[in-house]
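Structure first, then comments.
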Amino acid sequence: MNPTIVYHLILAKQGSKPKRVIRDIGLTWLIATAVVLLANIGSAGSFDNYSGIFGVALLFIAQLELGNHTFDEYKQERSATQWLMLPASPFEKWLSSFLTSFLVVLVFLLVVSLSTLAANLLVSLFGWGNLVPIFNPFGQDALVLLKLYVWIHPLLFFSAIYFKKRPIIKSFGALSLLLIVWLFYTGSLVNLMLGDQISASMLEFPSQMRSAEVLRIGNFLEIRGEDVQFNSTRFTQFASTILTLLYFGFFWLMSFLRFKELEL
Amino acid sequence: MIQLTNLGFEYGAKAAVFNGLSLTIPAGRSVGILGANGVGKTTLIKLLSGLISPTEGEVSVLEFNPRRRETALYQDLYLVPEESQLPAISALAYIKRFSVFYPKFDHPQCTQLLAKFSVDGSKKLTALSLGQKKKFIIAFALSTGARVILMDEPTNGLDIPSKALFRDTVIAHQTEEQTLLICTHQVRDLESIIDSVVMMNEGSAHWFDLAELPNRISQVYGPVNSGTVLHSELRLGSPVSLVAGGHEQPTDIDLEMLFNTFHQNYPGLMAAVAPEQGL
């Protein structure tokens, strides 16, 4: 793997569509500024929570950029011929798209930060209430957004290469189907593994639970009259780590394999 | 060197393009690939480029399996496609962005070729006409220094003066170690630049060395008195025939005539040109 080639691939891809990059950044900046202004006016000048509105904006941008543009040069035969035959290994080409897809979120954080500056400028000029806090692209809110992006990345990145047309609709359709299957599967698995235990425990509560009573399932789930508590144990920590690794590994690896198998 | 061994390709289970295709093309040649519509010329180009995988057999280009898409192969293999979608940037910006991938890229030659083809380097590639785009890609391809250049219908979209310019440029810039494979329907566009030809029909392909061919077959104008006639047709009312066997004074063999013979009398032609293959 040659990092210089990866760098040149990123430059070639971004340099091939300079107008689109500028247009997308400009649109994001405008929309984010408008959203900040509306949120500030709507909350009578006491707006300070960026995670929510920028989270939605980030999801939208992620779908647009990751889903539609990540591998778009490989999706049409006329342009794919040129890109597939560039002197770089399949891994270098895949990696350049992978890295570029993370540049999107960094640019997004900088752009929304600028949008809060622009919103403040407009608030000051037109006297639309209190100034909004400046969004720190390296602060806690930015970290929350970054985490959100990292979590949705494997799925959208894979769908971008797997589906040639309308990747966003198809990925959400496939995800919904997967979730339904997973819910049924988990339900039947829980019934199979813990069904007897749950039934036995339930017999202790012939009527509605009182607030002080606790129904324990295994040593990681407690159902009370008022709430449900999930206790973290070494097993659940291990299981969640494995599931997380499988989630990231599976979709990233599958995206590479799919890219490697791409034919015209 | 390009080698195809027992190559087969099919689109879906019942749509075989070709089967058992075996062919060897030596390095440093200008080769025309001729065949009727649908015999798989573009498919062959795609297989040589590694854009698709054969359903059976093997492809070897410069000792590489093209489907592995290795960097070293693509530094030495360039494809000029029949149609391409170029980015909305200027020709000069394109050269700057994409030439870095080719270690042997010759910038002065590229500039010289663009000037020769009258391609405005500052103009956006998307604003160029089909012919201009084609000329740009040909100039870029010749400047990459690739040892194998594949061209799929390179003269499509070129006007008559540009076709002549294309031929002159290819002749002037092809190096000794460079192999050109030109796939086309327009036989006349190629005659002056190729030194060998691959002819394809349903199920078979053969490489003919045009310099060697007059020792095996002859083109005869008028009535044929001796030898086996492989193919004959009327031109301006006079018969022209392709006859098995050499001639004391070898004549140039018309590519169109050879092509028609290949299609209409494949066994006879092969028996005349490659008797050692037992055909």
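The values are calculated or read from the model by the stated rules, or taken from the named source; none is laboratory data. The shown structure was predicted, so the numbers you read here are calculated from the model rather than taken from an experiment. Glycine gets a Cβ as well: all are built from the backbone with ideal geometry, and neighbour counts include every protein chain shown.
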(message) Considering only the stretch A:112-132, I want to know if a residue exists there that is within 14 Å of another protein chain (Cβ to nearest Cβ) and either surrounded by fewer than 22 Cβ atoms within 10 Å (Cβ to Cβ) or at pLDDT below 80 (or both).
(response) no
(message) Which residue is nearest to B:LEU255 (Cα to Cα), if the candidates are limited to the stretch B:164-194 and must be hydrophobic (A, V, I, L, M, F, W, C) and assigned to a loop (DSSP other than H, G, I, E, B)?
(response) B:ILE194
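Let's see how each residue does on (1) within 20 Å of B:HIS185 (Cβ to Cβ); (2) modelled with pLDDT of 85 or more:
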| site | (1), (2) |
| --- | --- |
| B:TYR11 | no, no |
| B:ALA16 | no, no |
| B:THR24 | no, yes |
| B:SER30 | yes, yes |
| B:VAL39 | yes, no |
| B:THR43 | yes, yes |
| B:GLY50 | no, yes |
| B:SER60 | no, yes |
| B:GLU63 | no, yes |
(request) Identify, by number, the condition in (1) out of contact with any Ser or Thr (no Cβ under 9 Å at 6 or more places or on another chain); (2) farther than 29 Å from B:ARG97 by Cβ; (3) surrounded by 17 or more Cβ atoms within 10 Å (Cβ to Cβ) that A:ASN40 doesn't meet. (result) (1)
(request) Would you mind stating whether B:THR71 is touching an Asp or Glu at 6+ places or on another chain (Cβ under 9 Å) and either among the polar types (S, T, N, Q) or on the phi > 0 side of the Ramachandran plot (or both)? (result) yes
(message) With the structure loaded, tell me whether A:ALA12 is more than 14 Å from A:THR100 (Cβ to Cβ) and either part of a helix (DSSP H, G or I) or within 14 Å of chain B (Cβ to nearest Cβ) (or both) or whether it fails that test.
(response) no
(request) List every residue pair whose Cβ atoms sit under 7 Å apart, with the two residues 6 or more apart in sequence or on different chains, where the first one lies in the stretch A:70-86 and is at the interface with another protein chain (Cβ under 9 Å from one of its Cβ atoms) and the second, anywhere, is polar (S, T, N, Q) and surrounded by fewer than 20 Cβ atoms within 10 Å (Cβ to Cβ). (result) A:GLU73/A:SER79; A:GLN76/B:GLN85; A:ARG78/B:SER84; A:ARG78/B:GLN85; A:SER79/B:GLN85; A:THR81/B:SER84; A:GLN82/B:SER84
(request) Hey, can you tell me all the residues within the stretch B:77-96 that are in contact with an Asp or Glu (Cβ under 6 Å, 6 or more places away or on another chain) and either within 7 Å of chain A (Cβ to nearest Cβ) or under 17 Å from A:LEU9 (Cβ atoms) (or both)? (result) B:PRO81
(request) Return only the number of the condition from (1) assigned to a loop (DSSP other than H, G, I, E, B); (2) touching a Gly at 6+ places or on another chain (Cβ under 9 Å); (3) of a type in the set (Gly, Ala, Ser) that B:GLY121 does not satisfy. (result) (2)
(message) B:GLY28 - would you say it is outside any helix (DSSP H, G or I), free of Cβ contacts under 8 Å to residues at least 12 places away in the same chain and away from chain A (no Cβ under 11 Å)?
(response) no
(request) State yes or no: is B:SER118 surrounded by 20 or more Cβ atoms within 10 Å (Cβ to Cβ) and of a type in the set (Gly, Ala, Ser)? (result) no
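For (1) farther than 15 Å from A:GLU261 by Cα; (2) within 13 Å of chain A (Cβ to nearest Cβ); (3) among the hydrophobic types (A, V, I, L, M, F, W, C); (4) surrounded by fewer than 22 Cβ atoms within 10 Å (Cβ to Cβ), each residue gets a yes or a no:
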position: B:GLU56; (1), (2), (3), (4): yes, no, no, yes
position: B:GLU63; (1), (2), (3), (4): yes, no, no, yes
position: B:ARG67; (1), (2), (3), (4): no, yes, no, yes
position: B:GLN75; (1), (2), (3), (4): yes, yes, no, yes
(request) Sort through B:ALA141, B:ALA93 and tell me the only one that's in contact with a helix residue (DSSP H, G or I) (Cβ under 8 Å, 6 or more places away or on another chain), outside any loop (DSSP other than H, G, I, E, B) and crowded, with 16+ Cβ neighbours inside 10 Å. (result) B:ALA93
(message) Of the residues B:GLY38, B:GLY12, B:GLY20, only one is in contact (Cβ under 8 Å) with a residue 40 or more places away in the chain and either surrounded by fewer than 22 Cβ atoms within 10 Å (Cβ to Cβ) or not in a loop (DSSP other than H, G, I, E, B) (or both); which?
(response) B:GLY20
(message) Exactly one condition in (1) at pLDDT 90 or above; (2) surrounded by fewer than 19 Cβ atoms within 10 Å (Cβ to Cβ); (3) not acidic (Asp, Glu) is false for B:VAL80; which is it?
(response) (2)
(message) Just the residues that are farther than 15 Å from B:ILE149 by Cβ and either touching an Asp or Glu at 6+ places or on another chain (Cβ under 6 Å) or among the aromatic types (Phe, Trp, Tyr) (or both), please, taken from the stretch B:43-65.
(response) B:ILE52, B:THR55, B:PHE64
(request) Tell me, yes or no, whether the stretch A:17-29 has at least one residue that is modelled with pLDDT of 80 or more, away from every other protein chain (no Cβ under 14 Å) and over 29 Å from A:PHE251 (Cβ atoms). (result) yes
